[in-house]
1. Quick one: is Phe446 open to solvent by 20 Å² or more (accessible area, probe 1.4 Å), closer than 22 Å to Asp340 by Cβ and modelled with pLDDT of 95 or more?
2. If you go through the stretch 549-571 one residue at a time, how many are at pLDDT below 95 and crowded, with 20+ Cβ neighbours inside 10 Å?
3. Name the pairs: first residue in the stretch 620-648 and at pLDDT 95 or above, second residue among the hydroxyl-bearing types (Ser, Thr, Tyr) and open to solvent by 30 Å² or more (accessible area, probe 1.4 Å), Cβ to Cβ under 7 Å, at least 6 apart or on different chains?
4. Quick check: is even one residue across the stretch 321-333 among the aliphatic types (A, V, I, L, M), in a strand (DSSP E or B) and surrounded by fewer than 24 Cβ atoms within 10 Å (Cβ to Cβ)?
5. Can you name every residue in the stretch 371-389 that is surrounded by fewer than 24 Cβ atoms within 10 Å (Cβ to Cβ), assigned to a loop (DSSP other than H, G, I, E, B) and either touching a strand residue (DSSP E or B) at 6+ places or on another chain (Cβ under 6 Å) or on the phi > 0 side of the Ramachandran plot (or both)?
6. Among Asn497, Asn460, Asn474, Asn524, which is closer than 20 Å to Pro578 by Cβ, among the polar types (S, T, N, Q) and open to solvent by less than 10 Å² (accessible area, probe 1.4 Å)?
7. Among the residues of the stretch 332-362, which ones are within 16 Å of Cys380 (Cα to Cα) and among the acidic types (Asp, Glu)?
8. Looking at Val685, is it modelled with pLDDT of 95 or more, over 35 Å from the mean Cα position of the chain (by Cα) and surrounded by fewer than 22 Cβ atoms within 10 Å (Cβ to Cβ)?
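The values are calculated or read from the model by the stated rules, or taken from the named source; none is laboratory data. Only a predicted model underlies this, so the values are computations on that prediction, with no experimental measurement involved. Note that we place each Cβ from the backbone using ideal geometry, even for glycine, and neighbour counts take in every protein chain shown. Each accessible area value is taken on the protein alone, full model and side chains, heavy atoms only, with ligands, DNA and RNA left out. Shrake-Rupley method; radii C 1.70, N 1.55, O 1.52, S 1.80 Å.
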Amino acid sequence: MAFPKPVVHSLLLGCSLLLCPALVLSQGSSSPVTIIASVNDGSLPTDCTGMLNAAAGGIPEVSLDMDGDMVADICLGSATNSCDMGFTLDCASAVGGAECATEDDISAPQVFMDNELRLISRSGDLVGAGFDLQPDPASNVPPDSQLVFGFRNPSNTPLTLGFADFTVNSADCSYTFADAQFDADGDGLIAYSGLAAQTYVVNSIADDPDANIDGVCDTGNLRGGMQQCTLRAAMQEANANDNGEFGRDNIEFNITNGCVNDICTIVVDIATNNQLPNIQDPINIDGSTQPGNAAVCTSAIPDRPPYRIVIEGNGTLRGLHPEFGSDGSVIRGLNIRNFDTGIDIARSDNNVVECNFIGSDETGTVAGPGNTGIGVLFTCDSSNNIIGGLNAEDGNLISANGGDGVQFFAGFDCSPLNGSTPEMNSLLGNYIGVQKDGVNPLGNVFSGVTLFGGDGSDNNFIGQLAGSSLINGNIIAANSAGIFIDNNTNGTVISGNYLGTDLSGTVNLGNEFGGVDIISGTDNLIGGASPAAANTIAFNGEGVFIVDAQGFNNRIQRNRMFNNIGLGIELVASGDEPDGQNPNDPDDSDIGPNQLQNYPEFISATEDAGMVTVEYSVPSLDLPLSIELFQADSDLDEGEQFVLADDYTTVGTATVIFPNDLVDVDSSLIATATDANGNTSEFSVAEPIVFLDLVFRDSYEAN
């Protein structure tokens, strides 16, 4: 049975960063603020003077690094304290249209203070291209603000976005600003940096853009007598509110008009407005905040009611796109459908995508219509993102998509700003390819999960939280292939999943090809040492299918396999079609996928007096080997129930003894061998267990 080829959709083909504007990075994201130096003339509270240098005149002088490069960007000082240490100030160079202003009292705006705190820049740049000496709009400045930071909006009008209220805590001598805490003892620790996080409430299903980027979500239209706030406008405002990694804006929903049977469908007008804005600053988009929609994120997938917030495209471009600067964003409580790609994560880390329906309709029972390409896509160096979570209510339904359910693609040239390999990402507790009940098929046209492109999408975790032993497996079923690995993808961990079946392991939801297809890949782990890490792999074309002679060190450990149409483990010696069980060769000297590791050969298996004694050998000189014994399935070619592991360290016959309650009466054993590098063999020929107690009993009763 041939394996499917992954499809890279037109969105991803034939472009570099220069040729694909949608992929170009947004410049400018904030970083933690670090104190570089601070001095004081003794005017601080007495308890703090001993901690600071009292050589400077005026009031405290503080140098602040705003972008993490350990070069001061802002100096806070006084008229007698020039701060002339070569500091730079972003607003002095007018980067992004920035401007700065200072004032000590609203009654005397823009007056530099002789003996009070002030903001200045590098010597000679005091009146730079972006430094504004005009009065700020008085109505926008709180009366007690001592420092005012502003940026020009698109109409080139001064716009106040932040304030700095300066106080000193006499207990710990920390400087306090309106939007940041700076530790004055020089250890560089900071509690918060950036503009305060904002909450924008979407009240319309329309797709109009924001009228002005001014801190208020308002398209200029009215909705029910209120300012109209659309999802597009809210995302534009959130991107502009650059609160960096220490804050996350919220987009919530309260739509009362235009919904049908309480289902509020936001149709993205791609033809007029293009795709939704890239997410370029940390943001929490929470569809569960729509009245009556909370249960979609407090219930397990089968128990969820219809989603009340739907984001729908026209079959092209992206739905939501976390990009550079969006680290730590959350996307939850949404039904996302009919885009080319539902969610595209690129150059963005530590994001969470939870409790969404991606590709299906709002009920999770039929296609939405599905996204024409990919449900969730990872590209470039995107790491430590979580799709789903460790709790039942965290999982996403990712089904009815025209390509892959989830795709990790390492084939972009993301230089010079970024590498090309998404890694250390986690898929946890999702239903991929099935309806929300988890027992009926809905499918994705290609694979449930694909990892490929470039030199491979390495070190991603399917069913296990990256960097930990915590497991919450996915259902990956009713797709062309369950998990598809190509282009020498390495280090994938596949643990605790249900590949081709439901959570009970009884329903036939087989993937057409392999539960896991490794076309080209090394050092991948399927299963693991703990019982929780075992995958249930059933009803697929093959269980695990490995074809590349360069594909080796793929450890297949402790899994439960049964009722697959082909072999449970298929190592294809030549070509890319199943070729049946490979015969062992003398001393295991042949090469191929997983080095065509020889499997164990049983000599006997007998039960007597409550114990089972097994004798076996392995024709291999490459020792030691780890032998796993299973109870065979009904077809006698797969391991359905793990029994135990044994170390094979010496050439010749090995004996292992275990209690008979580990196997069923009249069952057979089957085994695999794995070398020290992780090359796992195909399953052995099955060996029936001879139950001597039963033979004696049956013979006695017959007489």
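1. Values: open to solvent by 20 Å² or more (accessible area, probe 1.4 Å): yes; closer than 22 Å to Asp340 by Cβ: yes; modelled with pLDDT of 95 or more: yes.
When the stated conditions are applied, Phe446 passes them.
2. So the first thing to find is which residues in the stretch 549-571 are at pLDDT below 95, and the list is 549-552.
From the residues that got through so far, the ones that are crowded, with 20+ Cβ neighbours inside 10 Å too are 551-552.
Total meeting the criteria: 2.
3. Close Cβ pairs (under 7 Å, with a partner that is among the hydroxyl-bearing types (Ser, Thr, Tyr) and open to solvent by 30 Å² or more (accessible area, probe 1.4 Å)) amount to Leu623/Thr649; Pro624/Thr649; Ala645/Ser626; Asp647/Ser626.
4. Here is the first cut: in the stretch 321-333, the residues among the aliphatic types (A, V, I, L, M) are 330-331.
Filter once more, keeping what is in a strand (DSSP E or B): 330-331.
Applying the additional criterion that residues be surrounded by fewer than 24 Cβ atoms within 10 Å (Cβ to Cβ) yields 330.
The answer is yes; a qualifying residue exists.
5. Asn384, Gly389
6. Details: Asn497 fails: closer than 20 Å to Pro578 by Cβ; Asn460 fails: closer than 20 Å to Pro578 by Cβ; Asn474 fails: closer than 20 Å to Pro578 by Cβ.
Just one listed residue meets the conditions, Asn524.
7. The first filter runs over the stretch 332-362 and keeps only residues within 16 Å of Cys380 (Cα to Cα), leaving 341, 343-351.
Scanning the stretch 332-362 gives Asp344, Asp349.
8. On the way: modelled with pLDDT of 95 or more: yes; over 35 Å from the mean Cα position of the chain (by Cα): yes; surrounded by fewer than 22 Cβ atoms within 10 Å (Cβ to Cβ): yes.
Yes: the conditions hold for Val685.
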